[in-house]
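Undergrad: One structure, as structure tokens, below. Some questions next.
The values are calculated or read from the model by the stated rules, or taken from the named source; none is laboratory data. All values derive from a computational prediction rather than experimental measurement. Here the Cβ positions follow ideal geometry from the backbone for every residue, glycine too, while neighbour counts run over all protein chains shown. Note: areas computed on protein heavy atoms with side chains; ligands, DNA, RNA excluded. Shrake-Rupley method; radii C 1.70, N 1.55, O 1.52, S 1.80 Å.
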Amino acid sequence: MIDFGNFYQLIAKNHLSHWLETLPAQIAVWQRESLHGQFKQWSNAVEFLPEMTPYKLDLLHSVTAESEAPLSEGQLIRLEKLLRNLMPWRKGPFSLYGMDIDTEWHSDWKWDRVLPHLSDLTGRTILDVGCGSGYHLWRMIGAGANLAVGIDPMQLFLCQFEAVRKLLGNDQRAHLLPLGIEQLPALAAFDTVFSMGVLYHRRSPLEHLWQLKDQLVSGGELVLETLVIEGDENAVLVPGDRYAQMRNVYFIPSALALKNWLAKCGFVDIRIADVCVTTTEEQRRTEWMTTESLAEFLDPKDPTKTIEGYPAPVRAVLIATKP
């Protein structure tokens with residue numbers, strides 16, 4: 001069973017200590033009641049992985065761990081088998097001792113788009129909401145963050161994160177908790193909060209923005225990345241049953257409308273940092289994610305549209321400050 005004791009001990013000594021009033025009880029309920037049917041298989045894969053300490057670790061330019069001497073063929077085969085038990089791998093990529101996990105998303109491309117627009121992350125305490133496998137948590141540490149905490153209720157992502165952490169020398173600078181943002185109290189304790197690829201999945205997007213604001217210290221920075229459409233400050237798409245084959249897509253605003261939403265929630269210094277079309281080079285099926293991906297979700301006769309006829313995915317990054 002994955003243990004959260006190290007995280008409890010860590011935050012007991014810092015400004016997140018008040019989180020311990022609610023967090024251990026929530027995790028206990030999760031451990032008792034919410035485990036996925038495949039969780040044992042996934043957690044066993046993590047348990048059977050060897051504990052390794054990198055001879056060389058690069059989190060600044062990638063998530064890459066290298067050993068002093070190459071692994072043997074047998075070691076690589078075992079490593080690959082265990083990591084393949086944690087498929088599908090959606091967020092990455094990872095390069096671990098000569099084993100390259102080619103994930104569905106080039107999350108490194110997104111990070112390269114976001115990073116130039118951020119305040120210096122050196123020494124910061126960061127929350128990443130809907131963090132997936134935790135790829136960006138490691139990049140945040142590489143950019144100088146003191147502590148990066150991710151939350152995501154998907155248990156496969158937790159196991160993927162713990163697998164990578166074990167192969168990075170049991171690094172305690174990043175942690176992932178199997179929770180949703182709605183389960184967090186108003187901590188007001190994070191210097192930077194990221195929400196990337198989450199807003200359009202929320203039934204109440206403004207409530208999500210308020211929840212993000214509640215986690216920030218005064219003067220803290222929100223990094224919001226989400227689907228957008230073209231249009232003025234009043235343009236919002238409300239898809240039908242599916243958008244790009246996703247069922248749970250509720251609101252896709254224009255970037256200008258999203259800017260207004262952030263202002264309505266009390267954020268200041270709001271700016272649109274980046275707008276980018278999602279390509280089939282950035283999101284695609286791979287040997288580590290073998291089911292349908294973006295190419296199958298677009299109209300084969302007109303790739304500027306989804307198969308439902310909506311505008312194809314475009315993503316914007318907005319930066320804002322909590323006063």
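Undergrad: Please work out which residue is surrounded by the fewest Cβ atoms within 10 Å (Cβ to Cβ), limiting yourself to segment 1-13 and to residues that are free of Cβ contacts under 8 Å to residues at least 40 places away in the same chain and closer than 23 Å to VAL217 by Cα.
TA: Taking the candidates together, the pick is LYS13.
Undergrad: Moving on to the next point. Which one is surrounded by the most Cβ atoms within 10 Å (Cβ to Cβ), of the residues in segment 261-271 that are assigned to a loop (DSSP other than H, G, I, E, B) and out of contact with any strand residue (DSSP E or B) (no Cβ under 7 Å at 6 or more places or on another chain)?
TA: CYS265
Undergrad: Might you let me know whether segment 250-260 holds any residue that is under 25 Å from PRO116 (Cβ atoms), crowded, with 17+ Cβ neighbours inside 10 Å and among the aromatic types (Phe, Trp, Tyr)?
TA: Taking every residue of segment 250-260 in turn, none turns out to be under 25 Å from PRO116 (Cβ atoms), crowded, with 17+ Cβ neighbours inside 10 Å and among the aromatic types (Phe, Trp, Tyr).
Undergrad: Which condition from (1) touching a residue at least 12 places away in the same chain (Cβ under 8 Å); (2) loosely packed, with under 15 Cβ neighbours inside 10 Å; (3) part of a strand (DSSP E or B); (4) of a type in the set (D, E, K, R) is the one that GLU296 breaks?
TA: Going through (1) touching a residue at least 12 places away in the same chain (Cβ under 8 Å); (2) loosely packed, with under 15 Cβ neighbours inside 10 Å; (3) part of a strand (DSSP E or B); (4) of a type in the set (D, E, K, R) one by one, GLU296 breaks only (3).
Undergrad: Here is a further query. Only one of these is over 30 Å from LEU79 (Cα atoms), modelled with pLDDT of 95 or more and of a type in the set (D, E, K, R): ASP152, ASP128, ASP191. Name it.
TA: Within the list ASP152, ASP128, ASP191, the selection yields ASP191.
Undergrad: Then there is this: Hey, among the residues in segment 14-23 that are assigned to a helix (DSSP H, G or I) and in contact (Cβ under 8 Å) with a residue 24 or more places away in the chain, which one's nearest to ASP152 (Cα to Cα)?
TA: Ranking the candidates gives LEU23 first.
Undergrad: Report yes if some residue within segment 31-54 is within 23 Å of the chain's Cα centre (by Cα) and closer than 25 Å to VAL223 by Cα; otherwise report no.
TA: Among the residues of segment 31-54, not one is within 23 Å of the chain's Cα centre (by Cα) and closer than 25 Å to VAL223 by Cα, which makes the answer no.
Undergrad: Let me ask something else about it. Consider segment 133-152. How many of its residues are touching a residue at least 60 places away in the same chain (Cβ under 8 Å) and of a type outside the set (A, V, I, L, M)?
TA: The total comes to 5.
Undergrad: Can I ask one more? Let me confirm something: among GLN31, GLN26, GLN75, which residue is more than 20 Å from ILE141 (Cβ to Cβ), touching a residue at least 40 places away in the same chain (Cβ under 8 Å) and either open to solvent by 30 Å² or more (accessible area, probe 1.4 Å) or in a helix (DSSP H, G or I) (or both)?
TA: Checking each option against the conditions leaves just GLN26.
Undergrad: Still on this structure, I have one more. Hey, among the residues in segment 106-157 that are among the polar types (S, T, N, Q) and touching a helix residue (DSSP H, G or I) at 6+ places or on another chain (Cβ under 6 Å), which one's nearest to LEU177 (Cα to Cα)?
TA: Per the criteria, the residue is GLN155.
Undergrad: Using the structure shown, decide if GLN155 is polar (S, T, N, Q), open to solvent by 10 Å² or more (accessible area, probe 1.4 Å), more than 19 Å from SER107 (Cβ to Cβ) and touching a His at 6+ places or on another chain (Cβ under 8 Å).
TA: Yes; evaluated as a whole, the condition is true for this residue.
Undergrad: Still on this structure, please answer the following. Are any residues in segment 272-288 touching a residue at least 40 places away in the same chain (Cβ under 8 Å) and assigned to a strand (DSSP E or B), and if so, which ones?
TA: If the condition is that a residue be touching a residue at least 40 places away in the same chain (Cβ under 8 Å) and assigned to a strand (DSSP E or B), then ILE272, ALA273, ASP274, VAL275, CYS276, GLN283, THR286 are the ones that fit.
Undergrad: Quick one: would you say ARG113 is crowded, with 19+ Cβ neighbours inside 10 Å, among the basic types (Lys, Arg) and either in contact with a Phe, Trp or Tyr (Cβ under 7 Å, 6 or more places away or on another chain) or in contact (Cβ under 8 Å) with a residue 24 or more places away in the chain (or both)?
TA: Criteria not met by ARG113.
Undergrad: Considering only segment 210-225, state which residues are farther than 11 Å from ALA189 by Cβ and of a type in the set (A, V, I, L, M, F, W, C).
TA: TRP210, LEU212, LEU222, VAL223, LEU224
Undergrad: Within segment 132-152, how many residues are open to solvent by less than 10 Å² (accessible area, probe 1.4 Å) and more than 17 Å from PHE7 (Cα to Cα)?
TA: 5
Undergrad: Still on this structure, I have one more. Please list, ordered by first then second residue, the pairs with beta carbon atoms under 7 Å, 6 or more apart or interchain, first in segment 224-252 and on the phi > 0 side of the Ramachandran plot and modelled with pLDDT of 95 or more, second polar (S, T, N, Q) and surrounded by 14 or more Cβ atoms within 10 Å (Cβ to Cβ).
TA: GLY231/SER254; ALA244/THR306
Undergrad: Go through segment 34-68 and give me each residue that's closer than 17 Å to LEU176 by Cα, open to solvent by less than 60 Å² (accessible area, probe 1.4 Å) and assigned to a helix (DSSP H, G or I).
TA: PHE39, TRP42, SER43, VAL46
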